[in-house]
Amino acid sequence: RQLVISKGELARSAIINADFGRQNTRLGRENADLASDNTRLLAVNAGLKATNAKLKEDNEKLLSDNSLIKMQYTAANNAYNGLLDETRKEKEEQSDLKSEIGNLKIVRDNLTQERDYVNSQLVGNRRDFLRAYTTLLQARFNLRADTELARRTLDAHLSPKAAREEVMALLKEASNRARRYGAVVGENGRTVAIVSKRVVTPASDQMANEDDSIGGLVDAVAGSNTPVVVVARTINNSVANEQVLMELTPYSSTTVFKQGELVATRTIDSRQPMDQMITSVIEFLKQDVRNAAIKSGTVPQISAETGDLEVGMIDTPEMVSLVDRIRRTGGTVQLTAVANDTIMSGDLLTFGQSRGGAKPHNLRFDLKRVTGRTARANGPSTG
């Protein structure tokens with residue numbers, strides 16, 4: 001019996017022990033949940049602390065804004081009171097204005113009389129203007145606006161004295177050329193005068209005369225690390241027997257073409273009629289060569305006769321010789337313009353057949369007869 005009783009107690013103990021095991025497992029899960037809740041609550045608490053600090057900061061800002069608003073209100077109230085005072089003053093001034101109206105009517109009558117006098121003067125001035133305009137229409141036109149009168153390349157690192165001498169030499173060249181077109185000498189002893197201009201700076205507003213322009217240009221180019229091209233151009237259209245207004249414009253001198261560099265090329269049919277071949281050569285010079293030079297940086301000049309952009313001139317003997325060379329080459333000829341020397345942006349193109357000779361040229365023409373295969377590769381002739 002005792003053994004049976006012990007076995008029963010042991011069975012009950014096992015049941016109780018299993019129950020305790022289940023309770024222990026449940027309590028372990030609850031403990032883990034509580035630990036997780038505790039971690040979450042700590043994070044929430046930290047967030048609430050940050051929110052509380054932010055609210056305190058916002059509260060302090062609102063208090064500061066409130067003080068500012070009070071100050072602004074006080075200032076606005078004072079301004080309002082000031083406006084009331086000004087309104088009272090304006091009402092007092094209105095009575096004074098009424099008395100001044102009578103005086104203004106008197107002034108108006110006087111101004112009306114002066115207006116009538118000015119109108120009578122304008123009638124005379126208009127008559128003089130029409131007379132001058134008619135004279136201008138009948139005068140002999142000699143120079144277009146933007147016509148280049150002279151250009152000069154100033155070397156790098158010039159002293160102010162040397163730079164001024166170069167500028168004055170350029171003015172002399174421009175004056176001599178303008179004289180050939182019928183310009184007359186003015187008060188400065190030249191047939192050209194640099195136009196006066198208005199110079200506005202943060203510190204002053206004044207007119208710059210010819211001496212000021214020369215001095216400013218000398219200061220700009222003296223000691224320059226690179227050569228500078230200075231071009232003298234007319235400002236407006238000019239007629240004979242008057243001084244020409246002009247301006248000096250500086251440009252940085254850069255290399256446009258290196259020696260031996262190809263400038264432009266075109267194929268020309270030497271079997272076409274002479275006038276058509278001449279036209280083809282002229283188009284090559286005025287279109288291909290000129291456009292290539294301007295695109296590469298050559299400073300063009302304005303023709304005094306036509307107003308066209310020019311980068312150089314070809315003499316009639318050189319033109320005739322070139323056309324004759326094309327004719328003697330025969331067939332389809334590839335005409336190529338090649339730099340004979342290093343050409344700078346301020347250099348105008350001089351055309352020739354070969355390097356050297358009595359007259360130096362910075363551009364030469366090379367001719368090559370094009371075979372059928374080469375012609376097909378290069379495409380149709382443009383001549």
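The values are calculated or read from the model by the stated rules, or taken from the named source; none is laboratory data. Quantities reported herein were computed from a predicted structural model and do not represent experimental measurements. With ideal geometry, Cβ positions are generated from the backbone for all residues, glycine too; neighbour counts draw on all protein chains shown. We work out accessible area using only protein heavy atoms, side chains counted, and drop any ligands, DNA or RNA first. Shrake-Rupley method; radii C 1.70, N 1.55, O 1.52, S 1.80 Å.
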In the set Val167, Val239, Val192, Val228, the lone residue that is under 30 Å from Asn142 (Cβ atoms) and in contact with a Pro (Cβ under 6 Å, 6 or more places away or on another chain) is Val228
Within segment 261-310, how many residues are farther than 15 Å from Ile343 by Cα, open to solvent by less than 30 Å² (accessible area, probe 1.4 Å), in contact with a strand residue (DSSP E or B) (Cβ under 9 Å, 6 or more places away or on another chain) and in a loop (DSSP other than H, G, I, E, B)?
-> 3
Segment 287-306 residues that are within 17 Å of Val229 (Cβ to Cβ), paired with ones that are open to solvent by 40 Å² or more (accessible area, probe 1.4 Å) and assigned to a loop (DSSP other than H, G, I, E, B) (beta carbon under 6 Å, 6 or more apart) | Gly297/Thr254; Ile302/Asp146
Which numbered condition Phe351 misses (of (1) modelled with pLDDT of 85 or more; (2) crowded, with 17+ Cβ neighbours inside 10 Å) | (1)
Scan of segment 232-260 for residues that are under 30 Å from Gly331 (Cβ atoms) and open to solvent by 70 Å² or more (accessible area, probe 1.4 Å), ordered by number | Gln259
Tell me, which residue of segment 297-332 that is at pLDDT 85 or above and among the charged types (D, E, K, R) is nearest to Ala178 (Cα to Cα)?
-> Glu310
Is it the case that some residue within segment 357-370 is open to solvent by 70 Å² or more (accessible area, probe 1.4 Å), farther than 15 Å from Thr265 by Cβ and modelled with pLDDT of 90 or more?
-> no
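Here's the yes/no breakdown for (1) loosely packed, with under 10 Cβ neighbours inside 10 Å; (2) part of a helix (DSSP H, G or I); (3) at pLDDT 90 or above; (4) not basic (Lys, Arg):
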| site | (1), (2), (3), (4) |
| --- | --- |
| Arg115 | no, yes, no, no |
| Leu122 | no, yes, no, yes |
| Arg126 | no, yes, no, no |
| Ala145 | no, no, no, yes |
| Ala150 | no, no, yes, yes |
| Arg164 | no, yes, yes, no |
| Val167 | no, yes, yes, yes |
Pair list, Cβ < 9 Å and 6+ apart or interchain, from segment 257-279 residues that are farther than 25 Å from Ser296 by Cβ to residues that are outside any loop (DSSP other than H, G, I, E, B) and of a type in the set (Asp, Glu) = Gln276/Asp269; Met277/Asp269
Per the list (1) assigned to a loop (DSSP other than H, G, I, E, B); (2) of a type in the set (D, E, K, R); (3) modelled with pLDDT of 50 or more, residue check on Arg373 breaks on (1)
For segment 182-193, does any single residue satisfy the condition of being touching a residue at least 60 places away in the same chain (Cβ under 8 Å) and of a type outside the set (Val, Ile, Thr)?
-> yes
Residue count, segment 231-257 (criterion: part of a strand (DSSP E or B) and closer than 21 Å to Glu187 by Cβ) | 9
